[in-house]
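Below is one structure, written out as structure tokens; comments come after it.
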Amino acid sequence: VLTNPLFANQKASSVVVRGNVIVAGFLDTVGLVRSSDLGAHWTRISAGGVGLPAGAIDDLTEDIQNANRLYLTSSRVGVFRSDDLGQHWLNISQNDTSETGLNTNIVNFANGAKVRVSQDGRAYVAIVGLPNHNGSEFVTYVGYTGDGGAHWTSMDPPYLGARGKPYFHFSLAVDRTNSSFVYVGGVDDPIRGRAYIAPGNGQQWESMVTTTPHATWPHVDARNMVIDANLNLIEASDGGIFRRTRPSESTTDWASMAGNLQTTEIYSIAYDPVARVLLAGTQDNGTVYQNGTNQLAWNTFLPDDGADVQVDTITRPGFSVRYSSGQFLMEFTRSVWNSSNVLQSEATPALTTADGSYFQAQFLSPLAINAVNGNRILIGAADAVWESFNQGDLIGSLSAGANATALVYGHPNNADVIYAAAGGQIYMRPLARAPLFSTTPIPNCNAKDVVMDAADWRVAYALCDSAIYRTSNTGDTWTSITGNLFSLSPNPGTLRKVRFISGVSKSYVAVGADRGVFVAATNALGSWSKVGSNLPIAPVLAMQYSRAQDILAVGTLGRGAWSVTGLGGP
């Protein structure tokens, strides 16, 4: 673990290791850093008077035929080459100042740039241009140099849909054996460039899907591409890892390499105590559910980006009612399952507005099922929180809480109570037909999650990026219970989720963070400890506790689903 202050709150974009030398690029203010002793000591290179100005580093790569040569890209700054393993840099994009050339594109229009080098030393640069009037971004420039950047040749702009900073749905690779072939991925299907064809006739680029024997394709939303030692093209995306053998030809198909790799990015997670399985909403891999209790195999229920998942075990005794959807509540589904985890029926909630007004979902619209009456649900929309008394068929706006990130609905002692985190504030409704109002703001807190105490609906816990607060009077006043949380090892990092664990004999507040799950007992708030010794050190994006089975379900960013038992036991 690198703890140098240079890396605090920085996002790494790329790294090159040559012997004892490590050179790393960051998308944030530190730019480029270098170590000559395997990370024991670091020097900031950017803005250090060695030819590299300040600026975020989009990409960094090595020339495998030249032991000392590196290339990097920096949007709005330039493309640079180093011939001494990153100690000094030369701006090589300035050598192409034509109106549509490299320097014009990277200095004036770039929102992300990649660089890759073939085995013969030819270096390619690809650039994602700034969004147009409708917010779309495209790969607007691809060019190459065969002499270290002294001269550049531009290819036809491929205009492949992609995303630049900060998301970087954008990938680039160059064929190892024939540097005339270059491969580009983005939010659209990947394409193949053929630099041996002259530009200007529209023939330089072709699909890498329609040119397969069986019209196969990898998942879109590409993150990276590499050519492996066997000369296969490997693409990593939000949907998994894919391989294309002999990528310069049109005789091979794409194939998944995921196998048993458990790397799913989980947005939301829920436990079904009737079927005793987990279900989850995942990035680009839809809504999924376990085959059976403790099974590593999962099935896909809905495609697209899996959004919030919730389970109602109240309205149909002996069965579970599961809610799931894709992005923007596409394919919003209410399904009924038996105790054997078998689908019984499914329906699409109508989402008819009570007054005929327009309902606008968020990309990820949070849901909440009433703790007392399963027919009642809440939906966090782009304009307000909406309430339904018949499982989402008819909905009414509460006229507040736009873009909510978390919802809590109903308590055994008050079925009408609502808490919501929206726009950095905590909202609350104590009674039916009362307005949803903003509670007292918490200073220096961008509140993003909230949970209610199972013993008292007046007590709630609000989560900020680096603090957690408690109210005992429905949000009139808030008290920090952060305590020793950030003195623990590992440091939690950014706080992401808060849940209440109401066990048989113990109750806890649980916090999901960048580096695990931490809990504090309700009789010792502020005294935190880490739970789940084998939980991977990965951001926890989702948590849900089931008292029926004493299971805390945990969903992570890129490390799949996990569960912790025994927290509420005797």
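The figures follow:
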| read-out | value |
| --- | --- |
| Gyration tensor (alpha-carbon) shape descriptor, the stretch 114-196, a/c threshold 1.5 | prolate |
| Positive minus negative residues near Ser82 (Lys, Arg vs Asp, Glu; Cβ under 13 Å) | 0 |
| Charge-dipole axis of the chain as Lys and Arg at +1 and Asp and Glu at -1 on Cβ define it, positive-most pick from Val142, Trp528, Ala54 | Trp528 |
| Cα gyration tensor, the stretch 180-290 - rounded (a/c under 1.5), prolate or oblate | prolate |
| Spin-label model distance (nm) - Glu206 vs Tyr159, 7 Å beyond Cα toward Cβ | 2.0 |
| Label assignment, P(r) over Cα pairs in 20 Å bins from 0, in percent derived from the structure, set (1) 17, 38, 24, 14, 6, 0; (2) 15, 32, 30, 15, 7, 1, 0; (3) 19, 46, 30, 4 | (3) |
| Heavy-atom accessible surface of the stretch 142-238: percent carbon and sulfur, 1.4 Å | 52 |
| Lys, Arg +1 and Asp, Glu -1 on Cβ, resulting dipole of the stretch 1-66 about Cα centre, debye, nearest 20 | 180 |
| Accessible area (Å², per residue) of the chain, counting only protein heavy atoms and a probe of 1.4 Å | 41 |
| Relative contact order %, the stretch 1-51, counting alpha carbon pairs below 8 Å whose residues are six or more apart | 26 |
| Farthest positive-ward along the chain dipole, Cα basis, beta-carbon charges - from Asn375, Gln283, Thr333 | Asn375 |
| Accessible area of the stretch 465-509 belonging to carbon and sulfur atoms, whole % at 1.4 Å probe | 43 |
| Separation of the Ala67 and Tyr167 label points, Cα + 7 Å toward Cβ, nm | 4.3 |
| Relative contact order, percent, the chain [alpha-carbon distance under 8 Å, six or more residues apart] | 6 |
| Calculated FRET efficiency for the pair Ala150/Ile537, C-beta based, R₀ 45 Å, to 0.05 | 0.50 |
| The stretch 276-386, accessible surface, carbon-and-sulfur percent (1.4 angstrom probe) | 48 |
| Shape of the stretch 441-570, Cα gyration tensor, a/c cut at 1.5 | oblate |
| The chain, dipole about Cα centre (Lys/Arg Cβ +1, Asp/Glu Cβ -1), debye to the nearest 20 | 1220 |
| Positive-end residue, the chain charge dipole about Cα centroid, Cβ charges, pick of Val220, Gly424, Val209 | Gly424 |
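The values are calculated or read from the model by the stated rules, or taken from the named source; none is laboratory data. All figures in this text were calculated on a predicted structure; none of them were measured in a lab. Every residue, glycine among them, receives a Cβ derived from its backbone with ideal geometry; neighbour counts consider all protein chains shown. Quick note on the areas: whole protein, heavy atoms, side chains included, nothing else; ligands and nucleic acids left out. Shrake-Rupley method; radii C 1.70, N 1.55, O 1.52, S 1.80 Å.
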